[in-house]
Amino acid sequence: MHLLPKFDFYEPDSMAEACKVLAETKTEGKIIAGGTDIMVNMKKGLLSPKYLVSLAKIPGVSSIEPITGGIVIGPNLIVAKLIEFDLMRKKFNLLSKAASVLGSPLIRNRATIGGNIVTARPAADLPPPLMAMGARVVLMRKGKERELPLDDFFVGPGQTKIKPTEILVKIIVDDPPPFTGWDYVKLMHRNALEIAIVAVAVRITLDSPDGIIKDARVILSAVAAKAIHAVSAEKILIGEKPTAKLFARAASLASTDCTPITDIRGGAEYRCAMVETLTNRALSAALLQIKSK
Amino acid sequence: MKKIITLKVNNKEYEVAVAPNRTLTQVLREDLNLPGTKCGCDMGDCGACTVILDDRPVNSCLVLAVQAHNREITTIEGVADGPNLHPIQQAFVEHGAVQCGFCTPGMVLSAKSLLEKNMDPTEHEIREALSGNLCRCTGYQKIVEAVKSASQTMKK
Ligand SMILES: Cc1cc2nc3c(=O)[nH]c(=O)nc-3n(C[C@H](O)[C@H](O)[C@H](O)COP(=O)(O)OP(=O)(O)OC[C@H]3O[C@@H](n4cnc5c(N)ncnc54)[C@H](O)[C@@H]3O)c2cc1C
Ligand code: FES
Ligand code: FES
């Protein structure tokens, strides 16, 4: 058994109180949500916060609320609910698809969306679809909120723009515009309990059912220090009619946009090749989705 | 500083004083004397420590005991009805789905959660539901068959 280092545990019942408690711990306190990252790191001796603060008792932190033009997701919502909720499966199925390949059923019953974002693993499953959907995060410190596009949130492996005493309080996702299709493809050695070798999330929006591509997002995961936009692929897609030839060119450009490392999961060259294949597949699936609506 | 918490395990309430850094696995095994919950990897990878927490199977090695305060927990000790095995346990015995037995409590609890939601799962659904539980002995086939057979018995 791996023993956890000692800490004090707080469970405030309002966000204001949570901010206060966290501020008082200076930089010695950390939030614990599902604990599936932080407890593993603490057991491995990589982290030993003096205080852990749980948000679980605060009303609304685990809910999904529809608002005009989108939804607001609470940070403590468990990953399993991203798959189970009707609204998610019907309207935001890109996120449900990514959620369904995260860890195992047991992990998904504890792991939260907030934890998955703040942990900032380069291969985390939820940031790519969220970035493809243009999600924004709301951070709170001393009772004051600021909003950031998720695109600007990540800095590098395990590093984000969040300040040590700041709390992620909301994730905002807009409704998909009409004629939008998307897909998330994760390449793994096996079908459960596996982080991505490479993953790709794409979203395309046409100006009419048979029209040109108005907006395109191609997010690559596990091939750079954080999830990144395949900028040159996105550029070439926008303003064009979606064709197999265009998708092949975009996919080939995407593989030049990444800077993977070679590690136990796969070589850099292999990863680049897979970026091309997966991007092409995801784009075709996204288009098919628009056509079949 | 220790906290006094209430754990509702297998329909019985326990009041315990625990240090915040103790996991639910540790408290179940060491304080409540319920060693049916196993500790394998202690890192969320193997599922030997599976318990059902408020209707959802979870890795108890990644739950702090203080996080389980006032919540309903089912461990393998709460699955049989006195001397009568649960149909899932019975099917595991009959199908030879138990070899060393280390994964069995977790397998049975994951299967129980599945069958409570889905009375007639496909083989794929069974494999998916058990995908957080590793078995080093059986090769899974007999476990999947046992769960399938239990689902038929339980429907009757
Ligand atoms: C066996 C196993 C398999 C896994 N497989 C995958 C996988 O396939 N894909 C994947 O993406 N991940 C995987 N993970 C990683 C992990 O499960 C996810 O990243 C999970 O979403 C983390 O959420 P959590 O609630 O458990 O976070 P916690 O561990 O509770 O927290 C993680 C970090 O986020 C911070 N934090 C949490 N909430 C907030 C908040 N509201 N405000 C500020 N900071 C906050 C914590 O302080 C901590 O630093 C796996 C983990 C395990 C143990
Ligand atoms: S002991 Fe908890 S998952 Fe292995
Ligand atoms: S029976 Fe030995 S690990 Fe499954």
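The values are calculated or read from the model by the stated rules, or taken from the named source; none is laboratory data. Keep in mind that what you see is a predicted model, and the values were worked out from it rather than measured. Cβ atoms come from the backbone with ideal geometry, glycine included; neighbour counts cover every protein chain shown. Areas reflect the complete protein model, heavy atoms only, side chains present, ligands, DNA and RNA absent. Shrake-Rupley method; radii C 1.70, N 1.55, O 1.52, S 1.80 Å.
Key figures for this structure:
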read-out: Degrees between helix A:15-24 axis and first principal axis of chain A (Cα, 0 to 90, nearest 10); value: 70
read-out: Extension gain, A:ASP215 back to A:LYS20 (0.36 nm per residue minus Cα-Cα distance, nm); value: 66.0 nm
read-out: Relative contact order %, chain A, counting alpha carbon pairs below 8 Å whose residues are six or more apart; value: 15
read-out: Expected 222 nm ellipticity per residue - DSSP helices of 4 or more, -39500 (n - 2.57), all of chain A, to 500; value: -9500 deg cm²/dmol
read-out: Among A:ILE264, A:ILE204, A:HIS189 - extreme Cα towards positive end, dipole of the range A:180-291, charges at beta-carbon; value: A:HIS189
read-out: Carbon plus sulfur fraction of accessible area for the range A:180-291, probe 1.4 Å, in percent; value: 57
read-out: Backbone N under 19 Å from the A:ARG146 label point (7 Å along Cα→Cβ), restricted to the range A:22-40; value: A:22-24, A:26-27, A:31
read-out: Entries in A:LYS97/B:LYS3; A:LYS293/B:LYS112; A:LYS90/A:LYS170; A:LYS163/B:LYS38 that, when Cα-Cα distance is taken, lie over 31 Å; value: A:LYS97/B:LYS3; A:LYS293/B:LYS112; A:LYS163/B:LYS38
read-out: Protein accessible surface hidden between A and B, which excludes ligands and nucleic acids, total in Å², probe 1.4 Å; value: 2700
read-out: The range B:87-155 - accessible surface per residue (Å², probe 1.4 Å); value: 48
read-out: Cβ-placed point charges (K, R +1; D, E -1), dipole of the range B:3-78 about Cα centre in debye, nearest 20; value: 60
read-out: C-alpha center-to-center spacing [the range A:62-135, the range A:220-293] in angstrom; value: 22
read-out: A:ILE238 versus A:LEU87: modelled label distance in nm, points set 7 Å from Cα along the beta carbon direction; value: 3.0
read-out: 0 to 90° range, to nearest 10: angle between helix A:268-291 axis and chain A longest Cα axis; value: 70
read-out: Cα-projected label distance for A:LYS161 with B:ASP55, points at 7 Å along beta-carbon direction, nm; value: 3.8
read-out: Of the DSSP H helices in chain B, those whose Cα atoms cover at least 18 Å axially and whose Kyte score averages -0.5 or more; value: B:104-117, B:141-155
read-out: 10 Å Cβ neighbours from other chains, averaged over peptide B:132-145; value: 1
read-out: Top positive-direction residue, dipole computed over chain B with Cβ charges, set B:THR74, B:PRO20, B:GLY40; value: B:PRO20
read-out: On Cα atoms only, tilt of A:244-257 relative to the major axis of chain A in degrees; value: 40
read-out: Sites B:ALA17 and B:LYS117, calculated FRET efficiency, Cβ-Cβ separation with R0 35 Å, nearest 0.05; value: 0.50
read-out: Chain A - charge dipole about Cα centre, Lys and Arg +1 at Cβ, Asp and Glu -1, debye rounded to 20; value: 320
read-out: Pairs of lysines in the range A:180-291 (C-alpha under 20 Å apart; 8 or more residues apart or interchain); value: 8
read-out: Qualifying lysines (Cα of each under 20 Å from Cα of B:LYS117; at least 8 residues distant if same chain); value: A:LYS81, B:LYS148, B:LYS155, B:LYS156
read-out: Computed E for A:SER208/A:ALA273 - FRET, C-beta separation, R0 41 angstrom, nearest 0.05; value: 0.75
read-out: Residues A:ASN41 and B:ARG136, FRET efficiency given R0 of 41 Å [Cβ-Cβ distance, rounded to 0.05]; value: 0.95
